[in-house]
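First the structure, in the form of structure tokens, and then the observations on it.
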Amino acid sequence: MAVLADALLQGEVSPSKLAQRWEGATGAVRLAFLLSDHGLSLEGIGRFCGVHKTTGMRWLSSLAQVNWQGAVQQGTRFFSGTVAVDEKWITIAGVWWYLFVAVDHVSGLPLHVALLPSNATPSCALFLVQLKALGYRPKVIITDGWDA
């Protein structure tokens, strides 16, 4: 067990390595895509990422040529069974919302994103039910220790 823990914390899939996937321009494009896929407007994406909405549109237009249905099917096919989940509070028009994100712990690929009005237990449970409805049945869920 110690070898596995060491591999997860220090290896190629360490938390710091996974966090690097969301840094820089590529990370911003990934996040913009996920937010757009879940219905956030270009204006909302721009505000969230700290850029003008046309910049968000340019980021997303570069992704228009990708076969996303095939990419999602590949992601489900190669799902590792271990999911890292976190949430971040954001304000939209002065109202607090919680952006929940689930990524495959091994690949770092995003599996599900949801914008929910609370980070209490019912919202956490709803997020996991939504993840399950997408076809993911994780054997392990990694969190930051939030009790909900």
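Readers should treat all values here as calculations from the given coordinates under stated rules, not as data from a laboratory. Source: prediction; values computed, not measured. Positions of Cβ are generated from backbone atoms using ideal geometry, with glycine treated the same way; all protein chains shown enter the neighbour counts.
Below are the figures for this structure:
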| read-out | value |
| --- | --- |
| Amide H contacts of ILE92 (H built 1.01 Å from N, under 5 Å, at least 5 apart or other chain) | TRP97 |
| For ILE142, residues with placed amide H under 5 Å, excluding near neighbours | VAL83, ALA84, VAL85 |
| For a label point 7 Å along the Cα-to-beta-carbon line of LEU126, residues of the range 78-110 with backbone N under 20 Å | 85-103 |
| Protection proxy ranking of 85-96, 46-57 - average other beta-carbon atoms within 10 Å, highest first | 46-57, 85-96 |
| Backbone HN-Hα couplings from phi across the range 120-136 [Karplus 6.51/-1.76/1.60, Hz, Gly and Pro as x] | 6, 3, x, 5, 4, 5, 4, 4, 5, 5, 4, 4, 5, 5, 7, x, 8 |
| Computed E for ALA25/ASP147 - FRET, C-beta separation, R0 35 angstrom, nearest 0.05 | 0.50 |
| Positive minus negative residues near GLY56 (Lys, Arg vs Asp, Glu; Cβ under 12 Å) | +2 |
